[in-house]
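The values are calculated or read from the model by the stated rules, or taken from the named source; none is laboratory data. Bear in mind the structure is a predicted one, so any value in this text is a computation, not a measurement. Every residue, glycine among them, receives a Cβ derived from its backbone with ideal geometry; neighbour counts consider all protein chains shown. In case anyone asks, the SASA skips ligands and DNA or RNA and just uses the protein heavy atoms, side chains included. Shrake-Rupley method; radii C 1.70, N 1.55, O 1.52, S 1.80 Å.
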Amino acid sequence: MTTAHVEHPEHTHVHGPTCGHVAVPHGDHVDYVHDGHLHREHAGHFDECEASAHVEHTAAHDHVHGPGCGHVAVPHGDHVDYIHDGHRHAAHDGHYDEH
């Protein structure tokens with residue numbers, strides 16, 4: 001999965017372990033949930049950390065995500081992602097997408 005490099009302009013808040021935002025491990029970095037999207041620190045600024053392609057979660061996934069499922073819910077645009085096994089899942093057309 002590739003991620004677009006889109007800088008988040010005018011972001012004065014510094015994210016980190018005590019910043020108060022949900023931290024989401026994402027590959028080789030950590031994203032922070034802020035204002036309905038995810039940011040990551042990159043070269044002295046923050047980028048929007050969004051996948052640039054549709055990637056279906058292909059491993060067996062019998063668990064159904066939703067309110068009360070036990071996983072952290074992350075508002076993400078027009079839907080909710082759930083943090084599961086170190087990544088974010090979003091329900092989509094009868095399967096889960098990797099986000």
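Worth a mention:
- Total residues in segment 38-74, condition at pLDDT below 80 and either open to solvent by 70 Å² or more (accessible area, probe 1.4 Å) or in contact with a Gly (Cβ under 7 Å, 6 or more places away or on another chain) (or both): 9
- Note on segment 9-37: residues that are over 24 Å from residue 84 (Cα atoms), open to solvent by 40 Å² or more (accessible area, probe 1.4 Å) and at pLDDT below 75 amount to 3.
- When segment 75-99 is filtered for residues that are among the charged types (D, E, K, R), under 21 Å from residue 23 (Cα atoms) and open to solvent by 70 Å² or more (accessible area, probe 1.4 Å), the ones remaining, listed by number, are 78, 85.
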